[in-house]
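Quick notes on the structure that follows.
The values are calculated or read from the model by the stated rules, or taken from the named source; none is laboratory data. The structure displayed is predicted, hence computed values, not measured ones. Using ideal geometry, Cβ is built from the backbone for each residue, glycine included, and neighbour counts are taken over all protein chains shown.
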């Protein structure tokens with residue numbers, strides 16, 4: 001029976017992986033068969049926010065940490081690429097320097113933030129991360145010689161990223177790489193400990209695990225990936241200002257994770273797609289009728305409906321439904337045999 005269960009699990013995993021490969025291949029080929037600049041830009045934006053949402057899902061979905069300051073890592077990445085491209089020649093070498101600077105700064109900041117705040121209870125941690133993100137926002141507003149304050153600044157990008165199709169493919173590849181890295185990370189022994197912390201932190205600690213160390217590790221990985229997302233976001237606009245540190249960025253990541261399905265990774269991608277498509281669609285409708293100018297109200301209605309009909313998120317609810325269906329099948333077989 002155990003062997004049969006393992007074989008069924010292997011078949012299901014292979015089917016899921018095959019679906020992922022087909023979708024990835026379709027997305028890679030899309031810009032070559034469907035020429036729509038607006039769609040290309042929208043999908044690129046989805047890939048960027050999917051990276052951000054997956055990084056947030058690592059905290060919320062796999063470790064049980066609620067953060068209201070995730071935007072600070074996103075903003076660090078955005079300003080790193082912007083400052084490097086503004087002050088130096090927009091070459092691939094300087095792009096690599098910006099990426100390395102982002103990784104280093106976000107890793108250090110997330111380590112320090114985690115060390116100072118992760119000893120606290122979840123709600124205190126959430127409030128403190130929001131306060132720290134606010135400090136970065138004020139710093140970006142006041143340090144005008146470097147950031148140009150609220151006005152922000154434009155910058156050039158390396159030649160490879162100028163073409164929208166190239167940038168689309170690079171962002172898609174980055175999203176897929178992030179998904180694969182996090183999938184491997186969450187399925188590793190370290191990832192299993194993080195999930196145990198999420199389920200019961202006290203019990204995990206009683207088993208001898210240094211809970212704080214694991215939480216900080218998750219915080220560092222999450223912060224670095226959020227910084228990478230910030231790089232691609234700023235490069236898509238070729239402009240950066242203090243809005244990258246705004247609370248809205250963190251709330252978007254939170255909503256994407258909840259709508260898609262907490263602790264699923266692929267749900268974060270689906271959530272990013274739904275929110276960006278909804279935002280774009282409602283913005284277009286605002287041009288047709290004045291009532292849609294208040295698109296945030298309709299957006300809120302969509303969110304409420306999703307929460308009502310998919311309480312575990314879209315992916316989480318579908319998984320629960322599939323699991324229940326599989327559980328009922330053996331019972332039905334037994335009834336048929338008995339009959």
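Per-structure values
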{"quantity": "Test: residue 229 is surrounded by 23 or more Cβ atoms within 10 Å (Cβ to Cβ) and closer than 30 Å to residue 150 by Cα", "calculated": "yes"}
{"quantity": "Qualifying positions in region 182-195 - surrounded by fewer than 19 Cβ atoms within 10 Å (Cβ to Cβ) and free of Cβ contacts under 8 Å to residues at least 24 places away in the same chain", "calculated": "184, 187, 188, 189, 192"}
{"quantity": "Any chance residue 281 is surrounded by fewer than 24 Cβ atoms within 10 Å (Cβ to Cβ), closer than 23 Å to residue 39 by Cβ and modelled with pLDDT of 90 or more", "calculated": "no"}
{"quantity": "Residue check for residue 237: under 14 Å from residue 49 (Cα atoms), in contact with a strand residue (DSSP E or B) (Cβ under 9 Å, 6 or more places away or on another chain) and free of Cβ contacts under 8 Å to residues at least 12 places away in the same chain", "calculated": "yes"}
{"quantity": "Residues of region 241-277 satisfying the condition of being outside any helix (DSSP H, G or I) and within 13 Å of residue 79 (Cα to Cα)", "calculated": "241"}
{"quantity": "Residue list for region 149-172, filter: touching a strand residue (DSSP E or B) at 6+ places or on another chain (Cβ under 9 Å) and crowded, with 18+ Cβ neighbours inside 10 Å", "calculated": "152, 155"}
{"quantity": "Given (1) out of contact with any strand residue (DSSP E or B) (no Cβ under 8 Å at 6 or more places or on another chain); (2) surrounded by fewer than 24 Cβ atoms within 10 Å (Cβ to Cβ); (3) within 19 Å of residue 231 (Cα to Cα), index of the condition residue 86 fails", "calculated": "(1)"}
{"quantity": "Among the candidates 116, 104, residue that is modelled with pLDDT of 95 or more, surrounded by fewer than 16 Cβ atoms within 10 Å (Cβ to Cβ) and in the same structural domain as residue 232 (by TED's automatic domain parsing)", "calculated": "104"}
{"quantity": "Any chance residue 48 is within 24 Å of residue 268 (Cα to Cα), surrounded by fewer than 17 Cβ atoms within 10 Å (Cβ to Cβ) and touching a helix residue (DSSP H, G or I) at 6+ places or on another chain (Cβ under 6 Å)", "calculated": "no"}
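Each row is one residue, and each column tells you yes or no for (1) touching a residue at least 60 places away in the same chain (Cβ under 8 Å); (2) within 23 Å of the chain's Cα centre (by Cα).
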residue	(1), (2)
113	yes, yes
117	no, yes
131	yes, yes
142	no, no
145	no, no
150	yes, no
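Each row is one residue, and each column tells you yes or no for (1) outside the structural domain of residue 231 (by TED's automatic domain parsing); (2) farther than 30 Å from residue 127 by Cβ; (3) at pLDDT 90 or above.
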{"position": "12", "(1), (2), (3)": "yes, yes, no"}
{"position": "50", "(1), (2), (3)": "no, no, yes"}
{"position": "58", "(1), (2), (3)": "no, no, yes"}
{"position": "64", "(1), (2), (3)": "no, no, no"}
{"position": "73", "(1), (2), (3)": "no, no, yes"}
{"position": "84", "(1), (2), (3)": "no, yes, yes"}
